[in-house]
Amino acid sequence: MTASPQRPVRAVCHRCGGPKQGPFVPCKTCSFVPLGEERPIAWLFGLDYLTEEEMLQAGERIRGGEGPDPSSALRELAREEMGALPLSSAQLKPLSTWQLLGLSVGNLILTPLIGGALWYGMREDRPVAAGQIARLTVPVIAGLTLMWIVLLLAQL
Ligand SMILES: [Zn+2]
């Protein structure tokens, strides 16, 4: 591939407002790569959805510090328009009470890394379950971190 400065701008990065050659390519300005739930948002900042003028204005607003926050209806529209499958019922399925209980016990007795690993593995395909895992795991990590800080301070 040869680098050319004249490549057409087909999208702007919704993190930094920088020009990109397509909504889903990595941003050369800030290295942001839209994945998972960021992809519909990235699509909304491309020429598939905006006119060139609107897109350049959106890029300017983002560079000015305005963070994009499209409504869930707009994200759903983007998801459909960009050809992604709507989330299936299997993907939307939450964890069962027993799975949640097991995770809580594992997080508390063993290590909250369990919750972290599960969240990492599920964040793309099972967003609902991953959200449940995050809500259970983050307080445990915060609590343990606080405990360690208190213990360390007590030893000084
Ligand atoms: Zn960027």
For region 35-48, pairs from a residue that is touching a residue at least 60 places away in the same chain (Cβ under 8 Å) to a residue that is in a loop (DSSP other than H, G, I, E, B), with Cβ under 8 Å and 6 or more apart or across chains, are LEU35/GLU124; GLY36/ARG123; GLY36/GLU124
When restricted to GLU53, GLU80, GLU66, GLU60, the only residue exposed (fewer than 13 other Cβ atoms within 10 Å of the Cβ), within 16 Å of the ligand (Cβ to nearest atom) and outside any loop (DSSP other than H, G, I, E, B) is GLU60
Taking region 83-108 and keeping only residues that are assigned to a helix (DSSP H, G or I) and open to solvent by 70 Å² or more (accessible area, probe 1.4 Å), one is left with SER89, LEU92, THR97, TRP98, GLN99, LEU101, VAL105, LEU108
Restricting region 10-38 to residues that are touching a Ser or Thr at 6+ places or on another chain (Cβ under 9 Å) and open to solvent by 60 Å² or more (accessible area, probe 1.4 Å), the one farthest from the ligand (Cβ to nearest atom) turns out to be PRO19
Per the filter on region 115-130, residues touching a residue at least 12 places away in the same chain (Cβ under 8 Å), open to solvent by 50 Å² or more (accessible area, probe 1.4 Å) and part of a helix (DSSP H, G or I) are LEU118, TRP119, VAL128
- Query: Does any residue of region 88-99 turn out to be within 16 Å of the ligand (Cβ to nearest atom) and either in the same structural domain as GLY116 (by TED's automatic domain parsing) or more than 30 Å from ILE141 (Cβ to Cβ) (or both)?
  - Reply: no
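The values are calculated or read from the model by the stated rules, or taken from the named source; none is laboratory data. Small disclaimer: the values here were computed from a predicted structure and weren't measured. Cβ coordinates were reconstructed from backbone atoms using ideal geometry, including for glycine residues, and neighbour counts include every protein chain displayed. To get the accessible areas, we keep the full protein, side chains included, count just its heavy atoms, and leave off ligands, DNA and RNA. Shrake-Rupley method; radii C 1.70, N 1.55, O 1.52, S 1.80 Å.
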